[in-house]
Amino acid sequence: MPILTQIFWLAILSMVVASISWTVTQEEIFSEWREGFEKKSKTAQNILVRKFFYVFTCEYCFSHWVTILVLILTGFKVLIDDWRGVLLAFFILPWLANQWMSLYRRLRVGIKHEAALAEVVEEKKD
């Protein structure tokens, strides 16, 4: 696969990984499950059980598991057309996905901050 095509696929697949990871670990739609998972990740007796449930509360951790699924479904490889290309993709995709999520988090905080400032200005006008 040409390098520009690989870069395109890296960007698209990392956005897919970021979207799924963020939605499961941060958004309201999964909040009840996440709260239960968080409780079990702190109270379970077995360390493996605690770690299993913790994965669903951490976007960084979860992004690696989503990456494995994406790589299985797509067969995507980076630079090298064998298992080494899959290994490279396994490390690049979650890294890039987490960059997208960091950017999204900063944008969201900025938007909330701007909305709060606008609200204060509106209250002062009245």
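Assorted remarks:
- Helical contribution to [θ] at 222 nm, DSSP H n ≥ 4, -39,500 (n - 2.57), averaged over the chain, rounded to 500: -29000 deg cm²/dmol
- Calculated Cα extents along the principal axes in Å (choose from (i) 55, 26, 25; (ii) 47, 42, 24; (iii) 66, 46, 17), label: (iii)
- Neighbourhood net charge (13 Å Cβ-Cβ; Lys/Arg +1, Asp/Glu -1) for N98: +1
- Between 0 and 90°, nearest 10: helix 59-74 axis offset from the chain longest Cα axis: 40 degrees
- Computed extension length for I68-I111: 12.2 nm, one decimal, from 0.36 nm per residue of separation with the Cα-Cα distance subtracted.
- Cα long-axis angle, helix 31-43 against the chain (0 to 90 degrees, to the nearest 10): 70 degrees
- Reducing the range 2-19 and the range 27-50 to their Cα centroids gives an inter-centroid distance of 31 Å.
- Electrostatic bookkeeping for R108 treats Lys and Arg as +1 and Asp and Glu as -1; over the other residues with beta carbon under 15 Å from its beta carbon, the sum is -1.
- Within the range 93-112, backbone nitrogen closer than 17 Å to the virtual label 7 Å beyond the Cα of I3 toward Cβ: none
- Local net charge near E38, Cβ-Cβ under 12 Å (Lys/Arg +1, Asp/Glu -1): +3
Only the coordinates and a few stated rules stand behind these numbers; no lab work does. Quick caveat: nothing in here was measured; it's all calculated off a predicted structure. Virtual Cβ from ideal backbone geometry, glycine too; neighbours counted across all protein chains shown.
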